[in-house]
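Asker: Sharing a structure, written as structure tokens. Questions coming.
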Amino acid sequence: MAETADVIVVGAGPAGSATAFHLAQAGLEVALLEKTAFPREKVCGDGLTPRAVKQLVAMGIDVSEEAGWLHNKGLRVIGGGQRLQLDWPELASYPDYGLVRKRDDFDEQLARAAQKAGARLYERCNVSGPVRDERTGRITGVEAKLGDEKKRVTFTAPVVVAADGNSSRLSLAMGLHRSPKRPMGVAVRTYFTSPRHDDDYLESWFELWDRRADKDRLLPGYGWIFGMGDGTSNVGLGVLNSSSSFKELDWREVLRTWCETLPTDWQFTPEHMTGPIRGAALPMAFNRKPHYARGLMLVGDAGGLVNPFNGEGIAYAMESGRIAAEVVSQALARQTPAQRELALRGYPKVLRDTYGGYYSLGRAFVQLISNPTIMRVAADRGLSHPVLMRFLLKLLANLTDPTGGDAMDRVINGLTKVAPRA
């Protein structure tokens, strides 16, 4: 069995579905291949910042509370014995609210939006490897097994988009590996029935401790509590690989230990847990490159687009999908193969121009908070300065107006412009 398309998108998570949606909107034939069937679970905090909200609105998703979305006003930060509530900034470029929604339902909404726009969605389509031109090595399609009967199918297209997540088997098969020099993190989470389920702020705890040895160690990361609005709370932690004990720690045990320190009336105890503790890797700051090579384009986690400041991935997955779709649409409108290839090769530069400086700042931030002393001082003293924390919220969440913003916006935008775009 053979299928042809203008573009093949492997993976129907936020990156793949956004890519497919915008490609279909541009009038291209898109094959969107998802190895599982919806609904399906993904490890995530389920909290969305205004950056992600903007991308959802651009896809025509109804994000109203009547449609089942829980809105939030901002971020509550706790650390050093202090507690500070920060509203999302009022900006021309982004909405002033965030959202919460479980990933099984969230991902399906995006995939259905892509399907409604005209993309051909193939569920239970397990891609086994690339199809390559023997002479040039260029990818010309993928081999897959479709459905419960595992029917062998060959999909062919001039461009293939890898949106298959952190492990990105397609990228590996094309010789694109992660860089060990770029930061990596892990997210671990579970759900509890809790009276805190309807919180209208995302909550972040700046102090995570490794208490295995005689002396407690502060880990470079944070814990979160996100009310889901359905009687449950998503409780989890995100930790950077810069910790010397990163590979040794049982992160599920760290989460259990942290939950034991929280107030008992919040019900973050085993008897109120509604599912297992699950974990996933967070590939940060362009940790797999190049983002385009020999007909293969990387978006989202496959290209390591997670924000190194806060571990946010969904907004950048959707944004990179939109950017990729714009580049591909323009490329396929060119008259000759050489011109099409020239346009496609511009994709990595667009990503560098968009995120390179900001991610370089993020890598420097990762190095700083890897020092326990700096981390402790930041937690103890930073929260006592509300103006500084509002600045940090804008920086960490990457929420500024590019033009016409306030003094904080101008400082952050200036820093990202002068930082290396690597």
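The values are calculated or read from the model by the stated rules, or taken from the named source; none is laboratory data. Computed from a prediction, not measured in an experiment: that's the story for all the values here. When we count neighbours, we look across all protein chains shown, and the Cβ atoms used for this are built from the backbone with ideal geometry, even at glycine. Quick note on the areas: whole protein, heavy atoms, side chains included, nothing else; ligands and nucleic acids left out. Shrake-Rupley method; radii C 1.70, N 1.55, O 1.52, S 1.80 Å.
Asker: Determine the relative contact order of segment 241-395: mean sequence separation of Cα pairs under 8 Å and six or more apart, normalised by residue count, in whole percent.
Answerer: Relative contact order comes out at 17 percent.
Asker: Separate question: I'm checking a number: the convex hull volume of the Cα atoms of segment 329-399, normalised per residue, in Å³. What is it?
Answerer: It comes to 91 Å³ per residue, whole-number rounded.
Asker: So which GluC sites (Glu not before Pro) in segment 89-174 pass both tests, a DSSP loop state and at most 12 other Cβ atoms within 10 Å of the Cβ?
Answerer: Answer by residue number: E90, E134, E149.
Asker: For E41 and R124, calculate 0.36 nm times their separation in residues minus their Cα-Cα distance, and state this gained length in nm to one decimal.
Answerer: Extra length available between E41 and R124 comes to 28.4 nm.
Asker: Can I ask one more? Could you sort the peptides 411-420, 80-89 by per-residue average Cβ neighbour count (10 Å cutoff), highest mean leading?
Answerer: Averaged packing, sorted descending, gives the order 80-89, 411-420.
Asker: When every alpha-carbon pair in segment 182-258 is counted, what percent end up more than 22 Å apart?
Answerer: 28 percent
Asker: Say R0 is 45 Å: what FRET efficiency, to the nearest 0.05, do E326 and E260 get from their beta-carbon distance?
Answerer: Taking R0 as 45 Å, the efficiency between E326 and E260 is 0.40.
Asker: Another question, then. What are the aspartates and glutamates whose alpha-carbon lies under 14 Å from the alpha-carbon of K289, with same-chain residues fewer than 8 places away excluded?
Answerer: D301
Asker: Report Rg(Cα)/(2.2 N^0.38 Å) for segment 132-237, keeping two decimals.
Answerer: 1.69
Asker: Long-range amide H contacts for G129: which residues qualify at under 5 Å (H placed 1.01 Å from N, peptide plane, sequence gap of 5 or more or a different chain)?
Answerer: E143
Asker: Cut-off under 22 Å on the C-alpha distance; same-chain residues fewer than 8 positions from K102 excluded. Which lysines are left, in chain and number order?
Answerer: Candidates past the 8-residue exclusion: K35, K42, K54, K73, K116.
Asker: Related question: Rolling a 1.4 angstrom probe over the protein heavy atoms, how many square angstrom per residue are accessible across segment 27-98?
Answerer: That works out to 43 Å² per residue.
Asker: Right, another one. If you take the charge dipole of the chain about its Cα centre, with +1 on Lys and Arg Cβ and -1 on Asp and Glu Cβ, which of H22, I412, L344 is farthest toward its positive end?
Answerer: Result: L344.
Asker: Note the full-extension length gain between E248 and A343 as 0.36 nm times their separation in residues minus their Cα-Cα distance, in nm to one decimal.
Answerer: 29.7 nm
Asker: Helix-only estimate, please: 222 nm mean residue ellipticity of the chain, summing -39500 (n - 2.57) across DSSP H runs of length 4 or more and dividing by its residues, to the nearest 500.
Answerer: So the helix-based figure for the chain works out to -9500 deg cm²/dmol.
Asker: Moving on to the next point. Let me check something: with ligands and nucleic acids excluded, how do E203, E271 order by accessible area (1.4 Å probe), largest to smallest?
Answerer: E271, E203
Asker: Let me ask something else about it. Taking 0.36 nm per intervening residue step and subtracting the Cα-Cα distance, what contour gain separates K73 from D200 on full extension?
Answerer: 45.1 nm
Asker: Still on this model: What accessible area per residue comes out for segment 179-307, rounded to a whole number of Å², with a 1.4 Å probe?
Answerer: So segment 179-307 comes to 40 Å² accessible per residue, rounded to a whole number.
Asker: Follow-up question, since we're still on this one. Sketch the reach of a paramagnetic label on S93 as a point 7 Å from Cα along Cα-to-Cβ, and name the residues of segment 286-319 whose backbone nitrogen lies under 20 Å away.
Answerer: 286, 300, 305-319
Asker: Treat each spin label as a single point 7 Å out from the Cα along the C-beta direction, and report the E271 to R410 distance in nm.
Answerer: 5.9 nm
Asker: Got the relative contact order for the chain handy, in percent, Cα pairs under 8 Å and 6 or more residues apart?
Answerer: 20 percent
Asker: Averaged per residue, what accessible area in Å² does segment 338-393 show with a 1.4 Å probe, protein chains only?
Answerer: 52 Å²
Asker: Computing the accessible area with a 1.4 Å probe over protein heavy atoms, can you report the carbon and sulfur percentage for the chain?
Answerer: Carbon and sulfur atoms account for 51 percent of the accessible area of the chain.
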